[in-house]
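Okay, so here's the structure we're looking at.
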Amino acid sequence: MAASGREDGGLPDRYLVSRPIYNEPSFQEENEKKLVVPKTLRERVQKSCSCSRKKALQVTKTFFPILEWLPKYRIKEWLLSDVISGISTGLVATLQGLAYALLVAVPIGYGLYSAFFPILTYFFLGTSRHISVGPFPVVSLMVGSVVLSMAPDEKFLLTNSNLTGMNGTAGIDIISRDAQRVLISSTVTFLVGIIQLVFGVLQIGFIVRYLADPLVGGFTTAAAFQVFVSQLKIVLNVSTKNYNGVLSIIYTLIEIFQNIRTTNIADLVAGLLTIVVCMAVKEINDRFRHKIPIPIPIEVIVTIVATGISYGVDFEKKYNAGIVKSIPRGFLPPQPPAVEMFGDMLASSFSIAIVAYAIAVSVGKVYATKYDYAIDGNQEFIAFGISNIFSGAFSCFAATTALSRTAVQESTGGKTQVAGIISAFIVLIAIVALGKLLEPLQKSVLAAVVIANLKGMFMQVCDVPRLWRQSKADAMIWVFTCIASIILGLDLGLLAGLIFALLTVVLRVAEPEGVKILKFSSPIFYANIDGLRSSVKSTVGFDAVRVYNKRLKALRKIQKLIKKGKLKATKNGAGKQVSGNGILQYPSPAMPTKPCPINGWDLR
């Protein structure tokens, strides 16, 4: 390469670049592929089985991520934020645990156990610093569908002659029914944990990439609709049969409207007021999140007020309202799962394991990208697997992460899972001491809290027009999965959506449209997007989004220093006044002030 300089001796203004012209044979000859001699089986086994102090420490830190981040914990900077975040998240987790137990069709008190035990193991084994582990409505509803299919009310009918004298009336043995449902839900949770643990040990965390964002979006929107219908009958206090399978949601809606005249007005009013107040305050929290240091814990406030009013007015006796009635205090001893039930719930447990993992990892990746750290997909499988096995022994139902609760933990300043363990302590207080105080609470208020938290999932419908403009195939996956999950039920709907998505993959691979700039051996779609991203990063040698966000963060700091007068702005950028040495130049702050957009979940 030669350069011609300016007459005044300045920098060159013209370059001449010369290089040999290649054809394919000459290029292949010069860049001949080196032959890699594969290692023998014995050599591979020796390498994998060899152990050193460094390797043992690395493996231990991989399995227990707490050993990696806890020694680096900044007590002075992070502890106060984690305490505030943990208290706020714990209050929300307590109420959501009670509410989501309604979806599983188990006594409400078991929701507190499900909000407590999973956090204890995830604290040591999880790789995400920000997600709040516990019940989630979609997963709870999927567990509930298994519970209702295996323990319907019809199996526990009895004749109680004490109610009407000689003419016996058919009733339900509620004690036996609830005990059987708790056993089924804990057994499902145990089996889900086993499946997740096996997947983690076999290092097949990549399976989640085949759950495309459009597929997950359509599925969770359909699940939100299922959750809404299941809670609608509780808000109205209308009794219906427990339907499962194909068209179950249609049958439930039909029976609700057939029995609409039996609506309990006290429960309806309480439920509607709760929905309106919760959604209004959540909107305020969302719009003014930069001005409000801590989101208003509206679920907690509404629950306390509703409990006090129900206790003072005595809604149960005067208006026959449905109330919580009893919440057990303390803990139950661990119970083994009903292994003989594994065969009847294996398919459903597989779906629950995959969906719970996909939700947790998707949310975890959003915050990992935002705060510049990595999520290990295989370790997350192991962490949630052990958490669910441990929780299943204590009569809990399956855990993942709740979107709204995670948003609370992050927005209130949570830095690490120390906030999560503090939130578990708050739930522990409710289990040991406060459960009795919530017994007058109306069930319709809890059902309304569940419905109010579905807004973010329902708003995913707005993604369909954007998907249609970007990729018609992805939009069709979303719509098909949503409709199939509503009509066929969540399990069959997820399977149908996955098959449809794979068919679109086959069609897109069969008819490639080509790739621009970077050579890639297949069309770009959701299943290989992670591989493409990794290839681009390894090719260019850095993560562009990470660099952009870090540079933007630095520029914001520079702008703040300029406003405070600690930096001086010059025509070439921002500079710091240095005595005797002039001005140190910094990049110009006149750049975009919005971070690079990252696709993720709607966290409202």
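The values are calculated or read from the model by the stated rules, or taken from the named source; none is laboratory data. None of these values were measured; they are calculated from a predicted model. We place every Cβ from the backbone using ideal geometry, glycine too, and count neighbours over all the protein chains shown. For the accessible areas, the whole protein counts, side chains as well, though only heavy atoms, and no ligand, DNA or RNA atoms are used. Shrake-Rupley method; radii C 1.70, N 1.55, O 1.52, S 1.80 Å.
Among the criteria (1) open to solvent by 30 Å² or more (accessible area, probe 1.4 Å); (2) within 25 Å of residue 147 (Cα to Cα); (3) not charged (D, E, K, R), the one residue 265 does not fulfil is (2). When 28, 96, 58, 46 are checked against the criterion of being under 22 Å from the mean Cα position of the chain (by Cα) and either under 30 Å from residue 243 (Cα atoms) or in a helix (DSSP H, G or I) (or both), a single residue qualifies: 96. With respect to the stated conditions, residue 391 is within 22 Å of residue 453 (Cβ to Cβ) and crowded, with 24+ Cβ neighbours inside 10 Å.
Conditions (1) in contact with a Lys or Arg (Cβ under 6 Å, 6 or more places away or on another chain); (2) open to solvent by 70 Å² or more (accessible area, probe 1.4 Å); (3) at pLDDT 90 or above, marked per residue:
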| site | (1), (2), (3) |
| --- | --- |
| 449 | no, no, no |
| 454 | no, no, no |
| 461 | no, yes, yes |
| 472 | no, yes, no |
| 498 | no, no, no |
| 508 | no, no, no |
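Cβ-Cβ under 9 Å, sequence separation 6+ or interchain: first residue in the range 330-359 and assigned to a helix (DSSP H, G or I), partner open to solvent by 80 Å² or more (accessible area, probe 1.4 Å). Which pairs? What qualifies is 347/495; 351/495. Which residues, taken from the range 481-503, are closer than 15 Å to residue 227 by Cβ and among the β-branched types (Val, Ile, Thr)? Of everything in the range 481-503, just one residue is closer than 15 Å to residue 227 by Cβ and among the β-branched types (Val, Ile, Thr), namely 486. Do you know which residues across the range 364-378 are open to solvent by 10 Å² or more (accessible area, probe 1.4 Å) and either among the small types (Gly, Ala, Ser) or at negative phi (or both)? Matches in the range 364-378: 365, 366, 369, 370, 371, 373, 374, 375, 376, 377, 378.
A search for C-beta distances below 6 Å between a residue of the range 363-385 that is free of Cβ contacts under 8 Å to residues at least 40 places away in the same chain and any residue that is open to solvent by less than 10 Å² (accessible area, probe 1.4 Å), counting only pairs 6+ apart in sequence or on different chains, returns nothing.
Please determine whether any residue of the range 158-178 is modelled with pLDDT of 85 or more, surrounded by 18 or more Cβ atoms within 10 Å (Cβ to Cβ) and out of contact with any helix residue (DSSP H, G or I) (no Cβ under 7 Å at 6 or more places or on another chain). Checked the range 158-178: no residue is modelled with pLDDT of 85 or more, surrounded by 18 or more Cβ atoms within 10 Å (Cβ to Cβ) and out of contact with any helix residue (DSSP H, G or I) (no Cβ under 7 Å at 6 or more places or on another chain). The set of residues from the range 244-258 being closer than 15 Å to residue 225 by Cα, open to solvent by 60 Å² or more (accessible area, probe 1.4 Å) and of a type in the set (S, T, N, Q) comprises just one member, 244.
For residue 415, the criteria (1) under 23 Å from residue 87 (Cα atoms); (2) open to solvent by less than 10 Å² (accessible area, probe 1.4 Å) hold in every case but one, which is (2).
Scanning the range 116-135 for residues that are part of a helix (DSSP H, G or I) and under 17 Å from residue 418 (Cβ atoms) yields a total of 9. With respect to (1) part of a helix (DSSP H, G or I); (2) more than 29 Å from residue 308 (Cβ to Cβ), the lone exception for residue 428 is condition (2).
The single condition among (1) on the phi > 0 side of the Ramachandran plot; (2) open to solvent by 30 Å² or more (accessible area, probe 1.4 Å) that residue 63 does not meet is (1). Screening the range 387-418 for residues that are aliphatic (A, V, I, L, M) and more than 17 Å from the chain's Cα centre (by Cα) and picking the one that is farthest from residue 185 (Cα to Cα) gives 418.
Taken as a whole, the range 186-206 holds no residue that is at pLDDT below 90, part of a loop (DSSP other than H, G, I, E, B), within 25 Å of residue 484 (Cα to Cα) and of a type in the set (A, V, I, L, M). Scanning the range 288-319 for residues that are acidic (Asp, Glu) and in a helix (DSSP H, G or I), we see that the one that is surrounded by the fewest Cβ atoms within 10 Å (Cβ to Cβ) is 316. Restricting attention to the range 325-362, which residues are surrounded by 20 or more Cβ atoms within 10 Å (Cβ to Cβ) and either more than 28 Å from the chain's Cα centre (by Cα) or farther than 25 Å from residue 404 by Cα (or both)? 337, 345, 348, listed by residue number. Output yes when any residue across the range 67-87 is farther than 21 Å from residue 370 by Cα and either outside any helix (DSSP H, G or I) or open to solvent by less than 10 Å² (accessible area, probe 1.4 Å) (or both), and no when none is. Checking the range 67-87: not a single residue is farther than 21 Å from residue 370 by Cα and either outside any helix (DSSP H, G or I) or open to solvent by less than 10 Å² (accessible area, probe 1.4 Å) (or both). Of the listed requirements (1) open to solvent by 10 Å² or more (accessible area, probe 1.4 Å); (2) more than 22 Å from the chain's Cα centre (by Cα), residue 109 misses just one: (1).
Taking the stated definitions as given, is residue 485 assigned to a helix (DSSP H, G or I) and under 30 Å from residue 91 (Cα atoms)? So residue 485 does not fit the description; no.
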